[in-house]
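Contents: one structure, followed by commentary.
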Amino acid sequence: MIPPSSDKHGSKGLLLIISGPSGVGKGTVCRRLMEIKKNLELSVSTTTRPPRAGEVEGREYNFTAREQFQELIDKGRFLEWAEVHGQYYGTRLDRVDQALNSGSDLILEIDTQGAEQVRAKIPDAVSIFLAPPSFPELEERIKGRGTEDRERIIGRLKVARKEMEAYCHYNYVVVNDRVDQAAELIAAIIDVEKCRVDRGAKPPGWGGGNR
Ligand code: ADP
Ligand code: 5GP
């Protein structure tokens, strides 16, 4: 397939936001998506949450103390940050700039509060809300993951109901029924977004202007 060319953003990558309730499968779908789309990077957030078993510093997150997180806020180092489930999470501005300027597409896997901040600052970011097929299925997934105790599961499910209401602020809703299907649909969204004329797509060899 020959893609349309674009000079509106030079060779800048596409910024993609993926949100959805805890346990819906954001991490799982994003991992599959990274296998399908080679020019895609996953942003590594900074968090005060302690690492779960198997999580590695710098791979899933940059784990940090609250004082250091506050210092980064004060210095204006975050594109967005939010308190989620009693912990702080944020996206470093320098990392986003670096990825997009190198021409890579970048996924931010962030909560609905963070998504709102990014949309306000970067209106051409593409936002996708990943939804569960049903609430009972979401509950099964959170429990099945086995990373939270009972109290935290109840807390996350409570927050999930509120997060679901935010879907209407996103550009796309994708239901994560089957991981492969959801990842392929998001890959298709990326392809379609790159064909948009209002993003600067044009026929190959076309110099520009309204001819
Ligand atoms: P999130 O990153 O949104 O919190 P995870 O990716 O950790 O969610 O997934 C939560 C649990 O649900 C994991 O155990 C994962 O294997 C499972 N899961 C993810 N997507 C699906 C799916 N489409 N069908 C069944 N189980 C899924
Ligand atoms: P978890 O603790 O399960 O890894 O993540 C909990 C929630 O925090 C998820 O909804 C996830 O999307 C969100 N999250 C992860 N990183 C960021 C971030 O950098 N910013 C914001 N606003 N939310 C984040």
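The values are calculated or read from the model by the stated rules, or taken from the named source; none is laboratory data. The structure presented is a predicted model; accordingly, all values stated were derived computationally and were not measured. Virtual Cβ from ideal backbone geometry, glycine too; neighbours counted across all protein chains shown.
Overview of results
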item: Boolean, residue 160 is surrounded by 15 or more Cβ atoms within 10 Å (Cβ to Cβ) and among the aliphatic types (A, V, I, L, M); result: yes
item: Residue match in region 78-85 (condition: among the hydrophobic types (A, V, I, L, M, F, W, C), within 23 Å of residue 184 (Cα to Cα) and at pLDDT 95 or above); result: no
item: Matching residues in region 36-59 - criterion: being out of contact with any helix residue (DSSP H, G or I) (no Cβ under 7 Å at 6 or more places or on another chain), touching a residue at least 40 places away in the same chain (Cβ under 8 Å) and more than 14 Å from ligand 2 (Cβ to nearest atom); result: 39
item: Flag for residue 202 being more than 13 Å from residue 130 (Cβ to Cβ) and either surrounded by 14 or more Cβ atoms within 10 Å (Cβ to Cβ) or in contact with a His (Cβ under 9 Å, 6 or more places away or on another chain) (or both); result: yes
item: Selection status of residue 109, within 15 Å of ligand 1 (Cβ to nearest atom), within 22 Å of residue 165 (Cα to Cα) and in contact with a Gly (Cβ under 8 Å, 6 or more places away or on another chain); result: yes
item: Residue within region 42-65 that is more than 16 Å from ligand 1 (Cβ to nearest atom), part of a loop (DSSP other than H, G, I, E, B), of a type in the set (Val, Ile, Thr) and surrounded by 13 or more Cβ atoms within 10 Å (Cβ to Cβ) present; result: yes
item: Any hit, region 117-133, residues being assigned to a helix (DSSP H, G or I), farther than 23 Å from residue 35 by Cα, modelled with pLDDT under 95 and more than 10 Å from ligand 2 (Cβ to nearest atom); result: no
